[in-house]
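> Have a look at the structure that comes next, please.
The values are calculated or read from the model by the stated rules, or taken from the named source; none is laboratory data. All values derive from a computational prediction rather than experimental measurement. Here the Cβ positions follow ideal geometry from the backbone for every residue, glycine too, while neighbour counts run over all protein chains shown. Just the protein is used for accessible areas: all its heavy atoms, side chains included, with ligands, DNA and RNA removed. Shrake-Rupley method; radii C 1.70, N 1.55, O 1.52, S 1.80 Å.
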Amino acid sequence: MSEEAFVRAASLSELEEDTPLRVELGGVPVSLVKTEGEVFAINDICSHANVSLSEGEVEDCTIECWLHGSRFDLRTGKPSGLPATRPVPVYPVKIEGDDVLVSVTQES
C-alpha cells in the first residue's frame, strides 16, 4: 500500500469518544469513530437503507443505523443483526501526531 493512499480526515482532538464524525474523502462518505482507545473509519452509508451511519449510536465497537437498528462491527463492517445482510466497507486508519489519516482506496 502506498503512502499517498492515506489522506488527512480529521484531527484526534475533533473526535469525541463514541461519537461518530462524518467526513468526505475523495467523494467517499466516511464515519470516523473513536472508541475503546482506537479510531475506526467505516463507510457512512448503511448497506440496507441509504442513510448516514454517523447519525447512529456507538456501543461495544459497533455502530447502529438509526433507521432500522442494524449494527455494524467497526473493525470488519459486518452486520450483526437484521435487516442489513451486507457488510459496509471499512478503511485503514493511521494516527500521526494529532492527524487521523484514512485510506479510502484500500477497502477491506
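> Among SER70, LEU32, PRO92, which residue has its Cα furthest toward the positive end of the charge dipole of the stretch 23-108, with +1 on Lys/Arg Cβ and -1 on Asp/Glu Cβ?
With unit charges placed on the Cβ atoms, the residue in question is SER70.
> What is the spread of the Cα atoms of the chain along each of their three principal axes, largest first, in whole Å?
Cα spread of the chain along its principal axes, largest to smallest: 37, 25, 19 Å.
> Could you please report the charge total around ASP73, scoring K, R as +1 and D, E as -1 over all other residues with beta-carbon less than 12 angstrom from its beta-carbon?
0
> Considering the chain, which cysteines have no disulfide-compatible partner, defined as another cysteine with its Cβ under 4.7 Å away?
CYS61
> Considering only protein heavy atoms and a 1.4 Å probe, what is the carbon-and-sulfur percentage of the accessible area of the chain?
Summing carbon and sulfur atoms, their accessible area is 47 percent of the total for the chain.
> Another question about this same structure. For the stretch 1-62, rounded, prolate or oblate, judged on the Cα gyration tensor with a ≥ b ≥ c (square roots of eigenvalues), a/c < 1.5 rounded, else prolate if a/b > b/c?
Oblate, since a/c reaches 1.5 and b/c is not below a/b.
> Additional query: What percent do you get for the relative contact order of the chain when only Cα pairs under 8 Å and 6+ apart count?
About 27 percent, as a whole number.
> A further question follows. With θ set to phi - 60° and the Karplus curve 6.51 cos²θ - 1.76 cosθ + 1.60, what are the ³J(HN,Hα) couplings of the stretch 5-19 in order, to the nearest whole Hz, using x for Gly and Pro?
5, 8, 10, 5, 9, 5, 9, 4, 5, 6, 8, 9, 3, 6, 10
> Another question, if that's okay. Which of the listed residues, CYS61, ALA41, PRO79, is farthest toward the dipole's positive end in the stretch 1-94, when Lys, Arg count +1 and Asp, Glu count -1 at the beta-carbon?
Of the candidates, PRO79 comes out farthest on the positive side.
> Quick check for you: with a 1.4 Å probe and neighbouring chains kept, what is the accessible area per residue of the stretch 25-108, in Å²?
47
> Any idea what the dipole of the stretch 38-80 comes to, in debye rounded to 20, about its Cα centre with Lys/Arg Cβ at +1 and Asp/Glu Cβ at -1?
Value, rounded to 20: 200 debye.
> Now for a different question. For a quick check: with amide H placed at 1.01 Å from N, whose amide H comes under 5 Å from THR35's, ignoring anything fewer than 5 positions away on the same chain?
Those lying under 5 Å, H to H, from THR35 are ASP18, PHE40.
> Once the piece of chain linking VAL7 and TRP66 is laid out straight, how much longer is it, given 0.36 nm per residue of separation minus the C-alpha distance between them?
Once the chain is fully extended between VAL7 and TRP66, it gains 18.4 nm.
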